[in-house]
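The values are calculated or read from the model by the stated rules, or taken from the named source; none is laboratory data. What you see is a predicted model; the values in this text were computed from it and never measured. Methodologically, a virtual Cβ is constructed for each residue, glycine included, from the backbone with ideal geometry; neighbour enumeration extends over all protein chains shown.
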Amino acid sequence: MLDPSAGEIRDWGNSVVQSMAEYLGGLRDRNVYRQMSSREIREQLDPAFPSKGSDFNGLLKVFRETIVPFSRQNAHPRMFGYVQSPGTALAAFADLLASTLNANLTVWRSAPAPVELERLTIDWIRQILGFNAEAGGIFVSGGSMANFTAIAAARQTKADALRRLRIYASSETHFSIAKAAALLGIGRENVRHVDVDKRFRIQTDDLVARITDDLKAGHVPFCVVANAGTVNTGAVDPLTDLREIADRFQLWMHVDGSYGAFAVLAKSAKKLFAGVEQADSIALDPHKWLYLPVDVGCVIYRDPERARAAFAHEAEYTRVIGEKADEAFAFWDYGPELSRRFRALKVWMLLKGVGLDALGEAIEINIACARHLESLVKTSDDFEMVAPVELSIFCIRHVPAQMKGASPEEIDAFNERLLVALQRDGSSYLSNATLDGRFALRGCVLNYRTTLRDMEILLDDLRRVARKVTNDE
Ligand SMILES: Cc1ncc(COP(=O)(O)O)c(C=O)c1O
């Protein structure tokens, strides 16, 4: 098992590819989710300490018969929860090949061609966003790590400050920013949450007021975070205005584009991202709206040399000896990790294999699906929009005839019960958001398999499950 022959590898591979084709081919016939318990799953897993090995077919059987059915089917066209990409067969093959080569992308000489591939792919992403030619970056595990990495670079610009550093972001900002501030020793309490407008975008007058107050109190503002697609509603902050404010107060401008920034590839959304290329850094998640399987996030710096100041760490065991500038390149100078897997292969295969035009069209269809749902909701008498659709996220509430006249608390409680019942039912899957203190059913269209018809099925599923919920009460 440790070192199979070429024939065994072929046999295992054939069985794996067979399982994969069956799984992906039959996705629509599955439920997105099923009711299950931790105990039920544990009972199916052999807990015996694995002192002796077992054969490959036995391992694959556990994957097929236990792991797959007891998983949430993230590739299903009606998986609308969170910000979940479906993955692609192409990228699954890329991951297999990347692990086969087992390249470790620390520095150029460790993995020459994989490093060049990462640099090329990062450069394509730079061009997608419109950054200047000097901009550069790295792949990391995801959006949280990309935000962490960028905030670490931003903090370095005021590294000598003896007083309290302050960072500004709208109240709709993903919690990974506060987490980064906590982990970097800036402190959660020094993340100043700025008010949002009716479309959940940062209010720039409130931002300026908070920065001004902090300066008067002797604090050191160092960074403003702009959202390019908030996790709750997909709101895009006014990026050009935030750049101007950042310049006025000498702040680093970081954009969290983990969910939304690749929507710049969709013609109808492109204008929302005007000015993004002026940010000092941006976090993006190819494992969200480039449909790739986890894990691959990305951080781009407008001026990578400023980021280098935060990460370069000279040590004798990492010293690059006798190399020219291009070959002396070290990723560890631009982020927190040393050993890094070959994430670039799946990004490269996707971009090169599918092409940006087709990806842009798929993103456009996702946005059209969310807009279709919005128009269905607006013309219905039993659903309400809770927030406008900005990209592909929708937030709605179900108010069937028997709930008319109920209090906001009762309607929220009903929708909460409906969400749990919908998830257990399994035909469609939503998650939730709290907006202006009220509960919302929240969905995000992030799958190239999802069609306008799926949006209609979702509303029908909600109505059907709601009837069961009310009958059971
Ligand atoms: C806006 C935003 N930022 C950051 C993140 C965190 O990304 P990750 O889950 O890849 O760490 C998310 C995740 O949904 C997000 O929507």
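Suppose we keep only residues that are outside any loop (DSSP other than H, G, I, E, B), more than 10 Å from the chain's Cα centre (by Cα) and not small (Gly, Ala, Ser) within region 278-297. Which one would you say is surrounded by the fewest Cβ atoms within 10 Å (Cβ to Cβ)?
Gln278
Listed by first and then second residue, the pairs linking a residue in region 47-70 that is at pLDDT 95 or above to a residue that is among the aromatic types (Phe, Trp, Tyr), with Cβ atoms under 6 Å apart and 6 or more places separating them unless they lie on different chains, are Phe56/Trp12.
Asp461 meets the conditions (1) of a type outside the set (A, V, I, L, M); (2) surrounded by 13 or more Cβ atoms within 10 Å (Cβ to Cβ); (3) modelled with pLDDT under 95 in every case but one. The failed one is (3). As a summary of the residue check, Leu272 satisfies the conditions (1) of a type outside the set (Asp, Glu); (2) more than 23 Å from Ala133 (Cα to Cα); (3) in a helix (DSSP H, G or I); (4) touching a helix residue (DSSP H, G or I) at 6+ places or on another chain (Cβ under 9 Å) except for the one numbered (2). Every test in (1) in contact (Cβ under 8 Å) with a residue 60 or more places away in the chain; (2) among the basic types (Lys, Arg); (3) more than 16 Å from the ligand (Cβ to nearest atom) is passed by Lys324 save one, and that test is (1). Between Thr106, Thr121, Thr157, Thr88, the distinction of being buried (at least 16 other Cβ atoms within 10 Å of the Cβ) and in contact with a Ser or Thr (Cβ under 9 Å, 6 or more places away or on another chain) belongs to Thr106 only.
Have a look at Asp237, Asp241, Asp256, Asp247 and point out the one that is more than 10 Å from the ligand (Cβ to nearest atom), under 15 Å from Ile167 (Cα atoms) and not basic (Lys, Arg). Let's see the steps before the verdict.
Values: Asp237 fails: under 15 Å from Ile167 (Cα atoms); Asp241 fails: under 15 Å from Ile167 (Cα atoms); Asp256 fails: more than 10 Å from the ligand (Cβ to nearest atom).
The conditions single out Asp247.
Of the set (1) touching a helix residue (DSSP H, G or I) at 6+ places or on another chain (Cβ under 6 Å); (2) within 16 Å of the ligand (Cβ to nearest atom); (3) not aliphatic (A, V, I, L, M), all apply to Lys288 but (1). Checking each residue of region 419-433 against the condition of being closer than 26 Å to Gln35 by Cβ and more than 27 Å from the chain's Cα centre (by Cα) gives no match.
Of the helices (runs of 4 or more DSSP H) lying entirely inside region 91-192, those containing at least 3 residues that are modelled with pLDDT of 95 or more and within 16 Å of the ligand (Cβ to nearest atom) span 143-156, 175-183.
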